[in-house]
Amino acid sequence: MPQAIKFTKMHGLGNNYVFVDLFGQPLREEILSDLAVRVSDVNTGIGSDGLILIGPSERADFRMRVFNADGSEAKNCGNGLRCVAKYVVERGRTSKRRFTIETLGGVVRVDAHAGAAGRVEQVTVDMGEPRLRKRDLPMLGDPDSETVDEAVDIDGETHRMTCVSMGNPHAVLIVPDAAAAPVAELGPRIERLPVFPERVNVEFISFRGDAEIDFRVWERGSGITRACGTGACAAVVAGVLNGRLERGRPVTVHLEGGDLVITWAEDGRVLMTGPAEITCDGVYYYQ
């Protein structure tokens, strides 16, 4: 008999996921990867960039688990965190406006900025300190070294990348024009380079002056998406490391789905502020 699973579809700047609230309906661990693949399919499922589970935590106020469209489990998701914050406030799971969420990449603090009638318009997420050593991504090579503007050969062509972990791994490429970058061609090749044993998210960024970035992304396990919150954070960190942005100054990141404001603060922590939206509620029948 099919299992009726209640879900809420949400998106952060077009990066959309199917969210399942585990407080009222536990799911069997062995179905989660397959469920993510099924619900993500736009033809036979719901259509999304993946599946996110919202549940209790022993380390934080809530726990978020993220499954990509290919069924693999991700360590973190910036857009997902903002959506989870909106969901738990607006659906009455918490009366707090500042609380913590456990992810596979660590515990983060969020601030839900509620407007009229308690509706959450914007969410600020303290993403913590970026991790730059190869061991943190992980990436092959000297485990204590950093990858800043490092040359890499891809099919006979040399590209330069800066690598940052925001709880999940990112390879950031600075290009002349992000809009013209060959994301669909280079993204999957870089994602699966042998130097990244757990694969990597790939960002293509270009600069509009000293406080704005144009941004496109190839997400590990999901492909091209309209936004990536952790990727936007990694992009700003990479911009600072390459001398193109100023530490401590808010930077507007223009993603295909909209804008995020990212600050790599002087205390080392990265703050991300942006919106989240509820698309619909429904029931998915899993069998």
### Some residue of region 55-78 being at pLDDT 95 or above, of a type in the set (A, V, I, L, M) and either within 23 Å of Asn242 (Cα to Cα) or more than 17 Å from the chain's Cα centre (by Cα) (or both)
yes
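Looking at region 109-133, which of its residues are over 25 Å from Met161 (Cβ atoms) and in contact (Cβ under 8 Å) with a residue 40 or more places away in the chain?
The answer is Val120, Glu121, Gln122, Val123, Thr124, Asp126.
Conditions tested, residue by residue: (1) out of contact with any Phe, Trp or Tyr (no Cβ under 9 Å at 6 or more places or on another chain); (2) free of Cβ contacts under 8 Å to residues at least 60 places away in the same chain; (3) under 25 Å from Thr44 (Cα atoms).
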position	(1), (2), (3)
Arg63	yes, yes, no
Asp70	yes, no, yes
Gly80	no, no, yes
Arg91	yes, no, no
Arg97	yes, yes, no
### Query
Taking region 20-36 on its own, how many of its residues are surrounded by fewer than 18 Cβ atoms within 10 Å (Cβ to Cβ), within 16 Å of Gln287 (Cβ to Cβ) and of a type in the set (A, V, I, L, M, F, W, C)?
3
### Query
If you take just the strands (runs of 3 or more DSSP E) that sit entirely in region 82-137, which of them hold at least 2 residues that are in contact with a helix residue (DSSP H, G or I) (Cβ under 6 Å, 6 or more places away or on another chain)?
106-114, 120-126
### Summary
Taking region 252-269 and keeping only residues that are surrounded by fewer than 24 Cβ atoms within 10 Å (Cβ to Cβ) and either of a type in the set (Asp, Glu) or out of contact with any Ser or Thr (no Cβ under 7 Å at 6 or more places or on another chain) (or both), one is left with Thr252, His254, Glu256, Gly257, Gly258, Asp259, Thr263, Ala265, Glu266, Asp267, Gly268, Arg269
### Query
Could we say that Gly115 is touching a Gly at 6+ places or on another chain (Cβ under 7 Å) and either surrounded by fewer than 23 Cβ atoms within 10 Å (Cβ to Cβ) or of a type in the set (Ser, Thr, Tyr) (or both) here?
no
### region 270-287: number of residues that are under 18 Å from Ala112 (Cα atoms) and either at pLDDT below 95 or more than 14 Å from the chain's Cα centre (by Cα) (or both)
2
### Task
Among residues belonging to region 28-43 that are touching a residue at least 12 places away in the same chain (Cβ under 8 Å) and of a type in the set (Val, Ile, Thr), point out the one that is farthest from Gly80 (Cα to Cα).
Ile31
### Message
For region 136-164, give me each residue that is of a type in the set (S, T, N, Q) and under 13 Å from Leu241 (Cβ atoms).
### Response
Thr147, Thr162
### Message
For the condition more than 22 Å from Cys233 (Cα to Cα) and in contact (Cβ under 8 Å) with a residue 12 or more places away in the chain, what is the one hit in Asp149, Asp136, Asp155?
### Response
Asp155
### Task
For region 14-27, state whether one or more residues are closer than 29 Å to Val253 by Cα, in contact (Cβ under 8 Å) with a residue 60 or more places away in the chain and assigned to a loop (DSSP other than H, G, I, E, B).
yes
### Message
Any residue at all in region 3-14 that's of a type outside the set (Asp, Glu), closer than 27 Å to Asn201 by Cα and surrounded by fewer than 16 Cβ atoms within 10 Å (Cβ to Cβ)?
### Response
yes
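The values are calculated or read from the model by the stated rules, or taken from the named source; none is laboratory data. From a predicted model like this one, the values you see are computed outputs, not experimental measurements. We place every Cβ from the backbone using ideal geometry, glycine too, and count neighbours over all the protein chains shown.
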